[in-house]
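Note sheet for the following structure.
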Amino acid sequence: MNMTNALLLFAACTSLAPTAMAATGHAHEHGVASLNVARSGGSLLIELDGPLDNFVGFEHAPRNAEQKRRLADALAILREPARVVNLPAAAACRLVDAAVAEPFAEKPGAAHDAGDENHADLEANWHFECANAAALDGFEVTLFKHFPRLGKLRVQVAGDGGQSAQTLRPASAQVGF
Amino acid sequence: MIRLLPLALASLWNRRLTAGLTVIVVALSVSLLLGVERLRNDARESFASTVSRTDLIVGARSGPVQLLLYSVFHIGDATNEVSWPAVQRIAARQEVAWVVPLSLGDSHRGFRVVGTTPDFFRHYRYGDGRRIGFAAGRPFADVFEAVVGAEVAARLGYREGARITLAHGSGEHVAEHGDKPFSVVGVLAPTGTPVDRSVLVSLESIEAIHLDWQGGAPIPGLKIAPEMVRKFDLAPKRVTAALVGLENRAMVFRLQRAINEDTREPLLAILPGVTLDQLWDVVGIGARVLLAVSALVVAVGLAGLVAVMVASLGERRRELAILRALGAGPRDVFFLVAAESVLLTLAGCVLGVALVQVLVFSMAAWLQANYGLAVSPGWPVGREWMLLGAVMLAGLLASLVPALRAYRQSLADGMMVRM
Amino acid sequence: MERVATTPGRALELRGLRFAWPGQAPCIDIPGFPVAAGERCFLHGPSGSGKTTLLSIVGGVLSPREGRVCVLGEDLAQLSARARDRFRADHIGFVFQLFNLIPYLSMQDNILLACRFSAARRKRIAAAGSTPLAEARRLAARLDLPANLLARPAMTLSVGQQQRVAAARALIGRPGLIIADEPTSALDADRQTRFLDLLLSECDAAGATLLFVSHDRRLSAHFDRVVDLSALNQAAKEVAS
């Protein structure tokens, strides 16, 4: 019954909870990636961030032709938004901008966590503009089909209708606004 | 078989003492189950409706849940503060539409004092985007003016023009700022949020009452009269947290990252709705455990019902034999005893629902006052119906135990009981 | 289902009837026992003569291992347990020695209880242009039960009143066969006679066959025919000898 104390207890425990990671960046947890979805009217911004392992199966600079090919394949998929998300056709969305941070690129400062020998992350973001915002009531994330090592997406949604935290899995990959 | 129902009712009425006690046991367990579910739901809803249309909450770096709880729900205390220049830097960003700073730490007779700016009344939203309304008066405009929440006004009997003094800190160790009284200039309409339990003053007022203080205590020998404070610089130095609204919500994650990665001051920006969901993922485990325990209590209640029904069969052998002589089959006897058990469960559920209404009705004010939980009486909704259905199903299954026993007993006894 | 009218011959006929409880010697062995429709038959049955078992078989609660049990022209052995229950509800009225009534129901509800389990009884009452309630009140009046007792719970009635309520319940809806098992043994001599008179005259009025079982031979004078169960039941003889 004492909800206040219960909440305080949980608040004290937050350092154990994944929520604390928001402060320092993100958890590096294999099989899990985070997806930020921000929406204002017809503008839709989607950000993906997760361990590189989820997408290519290794987390170091590619050492052979096979690994190079896998990395190139993964980046190619992410650069094609139709293979990442399935937006409702009625919303008439078009891609305005897409950026996929290439890990292990030679440009200094562009690659995140590339210096870390054991961990590397992959980051990407997409910006859509939708002509019919009213029809944009949610969308399906199709990443799981292309990246079988990805088991879970922690989604943060911020939009005109409110904010929410959602968890997607291959079996239930629908983001709702 | 439906013709047996009046007989089942008459039989239960004949055993009304044990039947009544059984119903009460079932009703208490059902009301516990429904009460926990109602509290779980209403708590979540009342928390979720406390803050809306605020895109980010910014505070000193700590845990996101901790920041959410102390800044908006007034639960717990901040361990660190945000410098005023940092707030100003955020406000100056072009994607930011508004910033409402919050300065906590003082109290008035158990209620929190919130130092803020008049923008609070313009931008703070609750529920599905509702604004704060004034029941009487106006926002504070000057030092030593205060606006009180609906519950503060109701409980302490404040109206416009009332004179109040604030205290440093909250809880047991408070030191009165007795030399600098405030006048109440506005009373807010009820919102069902912690705002109802707040005393709102300007950031300058917070500075003013602490001019002659240092480290949480008055500086010995230094006394600055209220009329003198205006001569000092009352610009805020630090605040506890700030609510931030954006011009374009699509930018919220970029701004959050920019604030969190700001190297000038360790800050934390959270999305309140997201953090609340994450908090609920954790609290939800506890709530589910509580619900599971309540379900076990219902199982205990139904076990008691089975025990009472089975025990009654011994003294009802003659009654059941008479029914057999009149042409009732063992199936009729089965149905009769099962119907009695199900009727007891049904009565327990109905009484349990009524009990929850009474409890919620009588405890709503107390829960609101002490825990900030807005619980509402009313018919069961959604999942509560499902729970009631589950209880009835369990009652139906439990009724098979005495019914089967009666069936076998009446097969053996026939029309005549040899006793 | 109107067997009363269409079977003028036999109300009850037992032939080659044998029954044994599991793992025990036969306790019923009756080569033949007919009772004519409308007959008042006194069955003299001391304890140990297999009386309770026989009545359970005739009532259709027990099923015999061998032989025929024809009640009002229906061979009970051919019926399912459910159909036998239904048959008992429709065509047989029972009066036992004691504890005939549901204690917490009123006198009236106890009488009506027989109609609750039998659509056929309700139909017959309707065919006679009456209602169950009116019929219950009529029978109560005929059996010397004051109208002001109708709403009283059965447990507040005297034993004599209770037996008459049981008789009214057995008779309501005109079943073809009334079986009375020691109905008077809890009554004093005066009341025994009065109860018997009422029962006999109401059975006559209803056209019902009466099978009256008792160990008390003094009552047998009122009956058309007296049968000794220990003579009838070969199994009982073996036990006795």
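The values are calculated or read from the model by the stated rules, or taken from the named source; none is laboratory data. Source: prediction; values computed, not measured. Counting neighbours? That spans all protein chains shown, and the Cβs are built from the backbone with ideal geometry, glycine included. The accessibility values were calculated without ligands, DNA or RNA, using every heavy atom of the protein model including side chains. Shrake-Rupley method; radii C 1.70, N 1.55, O 1.52, S 1.80 Å.
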quick note, the protein assembly as shown, DSSP beta bridge pairs, % antiparallel (nearest 5) is 75
Summing -39500 (n - 2.57) over every DSSP H run of at least 4 residues in chain B and dividing by its residue count gives a helix-only mean residue ellipticity at 222 nm, to the nearest 500 deg cm²/dmol, of -17500 deg cm²/dmol
With the 8 Å Cα cutoff and a minimum separation of six or more residues, chain B has a relative contact order in percent of 26
For the range B:56-270, the charge dipole (Cβ of Lys, Arg +1; Cβ of Asp, Glu -1; about the Cα centre) points to a positive end, and the Cα of B:GLY245, B:THR79, B:GLY105 closest to that extreme belongs to B:GLY245
Computed about the Cα centre, the charge dipole of the range A:31-176 from +1 Lys/Arg and -1 Asp/Glu charges at the Cβ has a magnitude in debye, to the nearest 20, of 460
Counting only protein heavy atoms and rolling a 1.4 Å probe, one gets per residue an accessible area for the range B:296-353 in Å² of 32
Using alpha carbon positions and the Kirkwood radius, the Rg to Rh ratio of chain B is 1.20
Ranking A:GLU123, C:GLU135 from most to least accessible area with a 1.4 Å probe gives A:GLU123, C:GLU135
Among C:GLN161, C:GLN24, C:GLN97, the residue with the largest mean-square fluctuation in a Gaussian network model of chain C built from Cα contacts under 10 Å is C:GLN24
For A:PHE144, the accessible surface traced by a 1.4 Å probe with all protein chains present amounts, in square angstrom to the nearest 10, to 20
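What is the sum of charges, Lys and Arg at +1 and Asp and Glu at -1, for the other residues whose Cβ falls under 14 Å from the Cβ of B:SER294? Let's see the in-between values first.
Numbers: positive: B:ARG38, B:ARG40, B:ARG288, B:ARG383; negative: B:GLU37, B:GLU384.
Net local charge, B:SER294 excluded: +2.
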Against the 2.2 N^0.38 Å rule of thumb, the C-alpha Rg of the range B:56-270 sits at a ratio of 1.00
Site B:ASP119, offset 7 angstrom along Cα→Cβ, radius 18 Å on amide nitrogen, limited to the range B:70-110, gives B:71-72, B:82-104
Length-normalised contact order of the range C:3-240, Cα under 8 Å, at least 6 apart, in percent, tallies to 30
Measure of exposure for C:THR52: accessible area at 1.4 Å probe, Å² rounded to 10, is 40
Largest-first ranking of B:THR263, B:THR18 by accessible area, probe 1.4 Å, whole protein assembly kept, is B:THR263, B:THR18
Per the charge dipole of the protein assembly as shown (beta-carbon charges, Lys/Arg positive, Asp/Glu negative, Cα centre), the residue among A:CYS130, C:VAL159, B:VAL114 reaching farthest to the positive end is C:VAL159
Here, the range A:31-176 modelled as identical Cα point scatterers in vacuum has Debye log10 I(q)/I(0) at q = 0.11, 0.14, 0.16, 0.21 Å⁻¹ of -0.42, -0.66, -0.85, -1.32
Here the protein assembly as shown gives, from Cα atoms, an Rg and Dmax in Å of 42.8, 128
When every protein chain stays in place and a 1.4 Å probe is rolled, B:GLU207, B:GLU37 sorted by accessible area with the largest first are B:GLU207, B:GLU37
Expected field for B:MET386, accessible surface area in Å² at 1.4 Å probe radius, rounded to 10, holds 130
Rounded to whole angstroms and listed largest first, the alpha-carbon spread of the range B:161-300 along its three principal axes comes to 66, 46, 32
For the range A:135-177, the convex hull over Cα atoms projects on average to an area in nm² of 3.1
In debye to the nearest 20, the charge dipole size for the protein assembly as shown, taken about the Cα centre with +1 at each Lys and Arg Cβ and -1 at each Asp and Glu Cβ, equals 3620
Taking a crude spin-label model, label points 7 Å out from Cα along the C-beta direction, the B:GLU261 to B:SER83 distance in nm is 2.1
Per-residue ellipticity at 222 nm attributable to helices in chain C (runs of n ≥ 4 DSSP H, -39500 (n - 2.57) apiece, nearest 500 deg cm²/dmol) works out to -11500 deg cm²/dmol
If each part is reduced to its alpha-carbon centroid, the range B:212-262 and the range B:387-411 end up apart, in Å, by 66
The relative contact order of the range A:31-176, taking Cα pairs under 8 Å that sit 6 or more residues apart, comes to a percentage of 33
Taking alpha-carbon centroids only, the range C:188-213 lies from the range B:135-210 a number of Å equal to 93
